[in-house]
Amino acid sequence: MTLFNSRDTEYRSPVGAVAFGTNIHFRIILPRDLGCSGTVLLVKDDRYGDTIVNGMYWAGMIGDDHEVWECDLTSDHVGLYWYHFGLDTRYGRRFIMKGYGGEGYLALSDCEPRFQLTCYEKDFETPSWLPGGIMYQIFPDRFCFSGKAKKGIYADKKLHDDWDQIPDWRPNEFGMITNSDFFKGDLKGITMKLPYLKELGVTCIYLNPIFEAYSNHRYDTGDYEKIDPVLGTEKDFKELCREAKKLGMRIINDGVFSHTGSDSKYFNREHRYEGNGAYNSKESPYYTWYKFIEWPNIYNSWWGFDTLPEVEELSHSFNEYINGENGIIRKWIRCGNSGWRLDVADELPDEFIEYIREAVKAEDPDALLLGEVWEDASNKESYGSRRRFLYGKELDSVMNYPFRDAILGFLDCGDGRDMLEIVLCVLENYPRPVIRSLMNLLGTHDTERVITLLAGERQHGRGREWQAVTKLSPEQRAFGLRRMRLASGILYTLPGVPCIYYGDEAGVEGYKDPFNRRTFPWGNEDKELLEWYKELGRMRHDCTCLVDGDLINFGSTGRTMGYIRQDEKESLLCVFNAADYPITFRVPDAFIGGKTYMNTVLEGADLLLEANSCAFVKIDTPAKPIISEEPASEVDPDSEPSDILVSD
């Protein structure tokens, strides 16, 4: 019998992160032969380091050989806690510590992993419009060129005339890579393609930076107040936001506030702007924004790039400029955007993120504040302290790289049960308002194209010369397309909101920057893959359980991953076969005759899955009373591939 399981309401109720003031009931089940004379729940406050000792009471027997101990806990304040159990036994002091799957195990020492408890603000709410939707990330220079001429473009920006050309990747005559070539993708081009995005089911468009800058990625901000002339005008941005909302889509902008460009009106090292930047004079209104070690040439810069001088975010002047009544945050919300994605959120002070949230919510309480965090954001440490991202005073949600790791790990020979464990850990640690708004992704502007990762030769540190010429062979591409369908099927059905990196749905290939930032192949899309994504969008909008439903592990083992998404109205069984051979998967009786999606083949109680494929079956009833949360039994490794049966 299990000692304790932090994910099972029999042992902890409620499970997962809790709102402040919530009473949590704990229950452990011990073998009678331990001779236990007393038990305690030990809770360590992560912020202050104190450990609270909570006595547990004896609550009776289960049969003749197991006994139950229980207690209740209400957290003292919002924050992170770590807990375990102490037992006084006939063999001496013992502890229940955290094991695989949230299960407790008996240990001699309390130095082993503890259970996590996240406690968040009781009034924490996240935007109502995002859950159940689909996001789409656009690198603005490479999505669509409207053909409209622009004014005010600086002469030192190289403009490509050939849309299908490979981006510049060789160093210039000075040995520098400047990322200063532009394909002229613009805001009007995005507006023109809104009907296309509507067909994909997109409800939120995330734009990489659009403000004036001198690189094509625009993370070297030149002027936060001005749209980059290559992209168009403020009027074009307002039009994009207005037309998107007519089609049920919102726009969020990339906020780059940990640094600016050296070639900016604020720093002005390259003397492009009139007036004095911080580099030009200590009397500059922007001088206090920067971290000079020896003015003007020695200063802190982002990851050592001297073209990206770091700002002092808590400088009163900078904070007011970004977050004040007439600051940058509010200006662009007033222009029509519905929120912000914060670049390198883990490099911004918690206090500064709180100021951003105050500005965002004051202007629009239903606007989104999303952060770039690559790890588990609930227990992330950076710059010597535990971060407070998810307690309700900072971010609404985060980019969900842990789910990406789970999906790609499963496809790359990982065990389905182990990969789902990554997902379940996040779901246990994150507040429910965060979970329903997670930005789930397979690829971004910072990663290789997912089809290349899934089917191509590994880079293994090889440079741009190799990356520029290495493409998928026809056989690799066919395999990659199958894997893309499988990966996207998982992406679209996990808790949170799937995000498509522009062109992934069209089959765009590419290794690292700049090859992962090629132009969208209008007219040359992979039609079958594109139609697959459209069908996924239709399925997603048809299933209420994908908005905020629970996830139950079912049938995850070996090269199979399975789970059920469910709410009070319906249940969706999702099964994924990452093996190179077909399998038969036995569904619970309740799913026999259910509604199928995405070419799923259901014969009676048997799901027939081809190699590298997925299947989806929906029923109009909650499945939890019908189905055990235990994963299916292991597949017999000696079975013939065509005879493999996964059952409850």
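How high is the relative contact order of the chain, in percent, with contacts defined as C-alpha pairs under 8 Å that are six or more residues apart?
Once divided by the residue count of the chain, the mean separation gives 10 percent.
Suppose R0 equals 25 Å; then what is the FRET efficiency for Glu199 and Asn599 from their Cβ-Cβ distance, rounded to the nearest 0.05? Working shown, then result.
Values: r = 19 Å, r/R0 = 0.76.
Calculated value: 0.85.
For every helix of n ≥ 4 consecutive DSSP H residues, a contribution of -39,500 (n - 2.57) applies; sum these over the chain, divide by its total residues, and give [θ] at 222 nm rounded to the nearest 500 deg cm²/dmol. Don't skip to the answer; put the middle values down first.
Numbers: 14 runs with 133 residues, N = 648.
That comes out to -6000 deg cm²/dmol.
Report the label-to-label distance for Leu159 and Thr288 in nanometres (one decimal), using points 7 Å from each Cα along the Cα→Cβ vector.
4.1 nm
Which residue, chosen from Ser281, Trp295, Ala579, occupies the Cα position most advanced towards the positive end of the dipole of the chain, where the dipole is computed from +1 (Lys, Arg) and -1 (Asp, Glu) charges on Cβ about the Cα centre?
Ser281
Taking H placed 1.01 Å from N in the peptide plane, check which residues at least 5 places from Tyr581 or on another chain put their amide H under 5 Å from its amide H.
The list, which skips near neighbours in sequence, is Asn612.
What is the list of residues in the stretch 19-53 whose amide nitrogen lies under 13 Å from a point 7 angstrom out from the Cα of Met61, following Cα to Cβ?
In the stretch 19-53, the label zone of Met61 (backbone N under 13 Å from the point 7 Å along Cα→Cβ) covers 32-33.
Where nothing but the Cβ of Lys and Arg (+1) and of Asp and Glu (-1) is charged, how large is the charge dipole of the chain around its Cα centre, in debye to the nearest 20? Mind showing how you got there, number by number?
Values: 74 positive and 106 negative charges, 330 e Å.
The dipole magnitude comes to about 1580 debye.
Let's test the formula: R0 of 22 Å, r as the Cβ-Cβ distance of Ala107 and Tyr383. What FRET efficiency results, to the nearest 0.05?
The value I calculate is 0.10.
In whole Hz, what ³J(HN,Hα) sequence does the stretch 263-274 give by Karplus (6.51, -1.76, 1.60; θ = phi - 60°), x for Gly and Pro?
8, 9, 6, 8, 9, 6, 5, 8, 6, 7, 9, 6
With a ≥ b ≥ c taken as the square roots of the eigenvalues of the C-alpha gyration tensor of the stretch 12-120, please select rounded if a/c is under 1.5 and otherwise prolate if a/b is larger than b/c or oblate if it is not? Let's see the in-between values first.
Working: a/c = 1.97, a/b = 1.56, b/c = 1.26.
Prolate is the answer for the stretch 12-120, as a/c is 1.5 or above and a/b outweighs b/c.
Past 24 Å, Cα to Cα: identify those pairs from Lys157/Lys265; Lys331/Lys512; Lys245/Lys534; Lys245/Lys380; Lys235/Lys393; Lys238/Lys361, in the order given. The partial results should precede the final answer.
Numbers: Lys157/Lys265 17 Å; Lys331/Lys512 34 Å; Lys245/Lys534 20 Å; Lys245/Lys380 35 Å; Lys235/Lys393 33 Å; Lys238/Lys361 20 Å.
Table pairs above 24 Å Cα-Cα are Lys331/Lys512; Lys245/Lys380; Lys235/Lys393.
Ile52's amide H: which non-local residues (gap 5+, or another chain) put their own amide H closer than 5 Å, with H modeled 1.01 Å from N in plane and none for Pro or chain starts?
Residues meeting the amide H criterion: Val43, Lys44, Asp45.
Per residue of the stretch 565-577, what does 6.51 cos²θ - 1.76 cosθ + 1.60 with θ = phi - 60° give for ³J(HN,Hα)? Whole Hz please, x for Gly and Pro, Karplus curve as stated.
Taking θ as phi minus 60°, the curve returns 9, 8, 10, 6, 9, 7, 9, 10, 8, 10, 10, 10, 10 Hz for the stretch 565-577.
Ranked by Cβ crowding within 10 angstrom, fewest neighbours first, how are Val311, Val508 ordered?
Working: Val311 29, Val508 25.
Lowest count first: Val508, Val311.
Once phi is turned into θ = phi - 60°, what whole-Hz ³J(HN,Hα) does the Karplus curve with 6.51, -1.76 and 1.60 give for every residue of the stretch 152-168, x standing for Gly and Pro?
x, 7, 5, 5, 8, 8, 6, 10, 6, 9, 9, 4, 8, 5, 6, x, 4
Once you sort the root eigenvalues of the Cα gyration tensor of the chain as a ≥ b ≥ c, which label holds: rounded (a/c under 1.5), prolate (a/b larger than b/c) or oblate (the other case)?
Oblate, since a/c reaches 1.5 and b/c is not below a/b.
Tell me which aspartates and glutamates have Cα within less than 19 Å of Lys618's Cα, excluding those fewer than 8 residues away on the same chain?
Of all the aspartates and glutamates, those that pass the test against Lys618 - Cα under 19 Å, at least 8 places apart if same chain - are Glu535, Asp542, Asp548, Asp550, Asp567, Glu568, Glu570, Asp589, Glu603, Asp606, Glu629, Asp648.
Check Ile251: other-chain or 5+ apart residues with amide H under 5 Å from its amide H, H built from backbone geometry?
Under 5 Å from the amide H of Ile251 lie the amide H atoms of Ile205, Ser338, each far enough along the sequence or on another chain.
Using 1/(1 + (r/R0)^6) with R0 = 22 angstrom and r between the beta carbons of Tyr100 and Arg458, what's the FRET efficiency to the nearest 0.05? Don't skip to the answer; put the middle values down first.
Details: r = 29 Å, r/R0 = 1.32.
Rounded to the nearest 0.05, the efficiency is 0.15.
Which of the trypsin sites (Lys or Arg not before Pro) found in the stretch 517-600 are loop residues per DSSP with 16 or fewer other Cβ atoms within 10 Å of their Cβ? Write down the numbers at each step before the final one.
Numbers: sites: Arg517, Arg518, Lys527, Lys534, Arg538, Arg540, Arg559, Arg565, Lys569, Arg586, Lys595; in loops: Arg518, Arg559, Lys569.
Taking the stretch 517-600 and a limit of 16 other Cβ atoms within 10 Å, the loop trypsin sites (Lys or Arg not before Pro) found are Lys569.
Determine the shape class of the stretch 464-563: with a ≥ b ≥ c the square roots of the Cα gyration tensor eigenvalues, call it rounded for a/c under 1.5, and otherwise prolate if a/b is greater than b/c, oblate otherwise.
It is prolate, given that a/c is not under 1.5 and a/b is the larger ratio.
State, as an integer percentage, the relative contact order of the stretch 224-313 based on alpha-carbon contacts under 8 Å between residues 6 or more apart. All intermediate terms of the calculation are to be shown ahead of the outcome.
Details: 122 pairs, mean separation 18.6, N = 90.
Worked out over the stretch 224-313, it gives 21 percent.
Would you be so kind as to identify which of Val508, Trp332, Tyr136 lies farthest towards the positive end of the dipole of the chain, taking Lys and Arg as +1 and Asp and Glu as -1 on Cβ and the Cα centre as origin?
Trp332
Every number here is computed from the coordinates shown, using simple stated rules; none is lab data. Treat the numbers as computed from the prediction; the structure is a model and nothing was measured. Here Cβ is always computed from backbone atoms with ideal geometry, including for glycine, and neighbour counts include all displayed protein chains.
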